[in-house]
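Participant: Sending over a structure as structure tokens; questions will come in a sec.
The values are calculated or read from the model by the stated rules, or taken from the named source; none is laboratory data. Note that the structure is predicted; figures quoted are calculated from it, not measured. Using ideal geometry, Cβ is built from the backbone for each residue, glycine included, and neighbour counts are taken over all protein chains shown. Heavy atoms of the whole protein, side chains included, go into the accessibility calculation; ligands, DNA and RNA do not. Shrake-Rupley method; radii C 1.70, N 1.55, O 1.52, S 1.80 Å.
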Amino acid sequence: MNPITGLICILGVLPGFLSQTIHVWQTPVIWATEGSSVTLPCDYRIIGEMDTSTGSYKWYRHMVRSKVEVTENNMKFSGRLSSVVNDQFIRGRSAAITLQRLELSDSGMYYCEVIFENGQKISGEGNGTFLNVTASVSGPPPYTVQNIIRMVLGVLVVLAALSVCCFSGDKKNENQRESKQCEVRLNMTFSQPNAPPSEEKMV
């Protein structure tokens, strides 16, 4: 009997042996702010017949030369971690977790693993999610394009107002100077001494 044919016969006794696979998907990168909460999505799909009542999932955080499990038993995540309910995991095919009160040190790569016991242990692991936690910004607003445009428009409005005021002031001063010159001319006219009599009248 051909060895390959014998192997095929043996595998044929185990229905779905080759098709029982778990595919896991994760969001590649997620940004969050210090002190906030963030949900790390993890969705999976099962190929082949499998008893889904015995499933579970785990999350790991990969650090340099280490693999730390993200659980409530881990002091770093204790009291800050929440998971989806079992019904959402089984029917919704979701293994997401939520981290609360984020810290800058929470930044890192997180991996989701989905496990099912179907006579044997079958598992699937996602490609990982990089969580980038940034510091919360306090104080003046950041210099975004919109804020810069607002500041430029504000400066232009102020300059326009100053120009109008200066023009009005110059116009007013010019009018005042003209009125004073008129007054001087009038005063000079009325205050001019009488002209001497002509020679014809004297003769």
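Participant: With the condition kept exactly as written, say whether any residue in segment 137-148 is at pLDDT 95 or above and under 28 Å from the mean Cα position of the chain (by Cα). If you could, list the steps in order and put the result at the bottom.
Facilitator: Filtering segment 137-148 down to residues at pLDDT 95 or above leaves none.
The answer is no; no qualifying residue exists.
Participant: Only one of (1) open to solvent by 30 Å² or more (accessible area, probe 1.4 Å); (2) free of Cβ contacts under 8 Å to residues at least 60 places away in the same chain is not met by residue 89, so which one is it?
Facilitator: (1)
Participant: Turning to a different aspect of this structure: Output the number of residues of segment 46-77 satisfying the condition of being of a type in the set (D, E, K, R) and in contact with a Phe, Trp or Tyr (Cβ under 8 Å, 6 or more places away or on another chain).
Facilitator: As a first pass, look at segment 46-77 and keep what is of a type in the set (D, E, K, R): 49, 51, 58, 61, 65, 67, 69, 72, 76.
Next, only the ones that are in contact with a Phe, Trp or Tyr (Cβ under 8 Å, 6 or more places away or on another chain) stay: 51, 61, 67, 69.
Final tally of qualifying residues: 4.
Participant: Residues in segment 39-68 that are surrounded by 18 or more Cβ atoms within 10 Å (Cβ to Cβ) and assigned to a strand (DSSP E or B): how many?
Facilitator: First, pick out the residues of segment 39-68 that are surrounded by 18 or more Cβ atoms within 10 Å (Cβ to Cβ): 40, 42, 44, 46, 50, 55, 57, 59-61.
Within this subset, residues satisfying the condition of being assigned to a strand (DSSP E or B) are 40, 42, 44, 46, 55, 57, 59-61.
Total meeting the criteria: 9.
Participant: Considering only segment 114-129, I want to know if a residue exists there that is at pLDDT 65 or above and over 30 Å from residue 39 (Cβ atoms). Let's see the steps before the verdict.
Facilitator: To start, the set of residues in segment 114-129 that are at pLDDT 65 or above comprises 114-129.
From what is left, the residues that are over 30 Å from residue 39 (Cβ atoms) are 119-120.
Yes; the residues of segment 114-129 include at least one that is at pLDDT 65 or above and over 30 Å from residue 39 (Cβ atoms).
Let's see how each residue does on (1) within 17 Å of the chain's Cα centre (by Cα); (2) over 27 Å from residue 45 (Cα atoms):
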residue	(1), (2)
75	no, yes
82	no, no
87	no, no
93	no, no
96	no, no
107	yes, yes
110	no, no
118	no, no
122	no, no
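Participant: Where residues in segment 34-49 are of a type in the set (A, V, I, L, M) and at pLDDT below 95, which of them is farthest from residue 90 (Cα to Cα)? Break it down into steps so the answer makes sense when it comes.
Facilitator: Step one: list which residues in segment 34-49 are of a type in the set (A, V, I, L, M), which gives 38, 40, 46-47.
Applying the additional criterion that residues be at pLDDT below 95 yields 46-47.
Details: 46: 11, 47: 14 Å.
Going through the qualifying residues, I end up with 47.
Participant: Given the condition in a strand (DSSP E or B), over 20 Å from residue 27 (Cα atoms) and touching a residue at least 24 places away in the same chain (Cβ under 8 Å), answer yes or no: does some residue in segment 103-119 qualify?
Facilitator: Step one: of segment 103-119, the residues in a strand (DSSP E or B) are 108-117.
Keeping just the survivors that are over 20 Å from residue 27 (Cα atoms) gives 116-117.
Restricting the remaining residues to those that are touching a residue at least 24 places away in the same chain (Cβ under 8 Å) gives 116-117.
Checked segment 103-119: at least one residue is in a strand (DSSP E or B), over 20 Å from residue 27 (Cα atoms) and touching a residue at least 24 places away in the same chain (Cβ under 8 Å).
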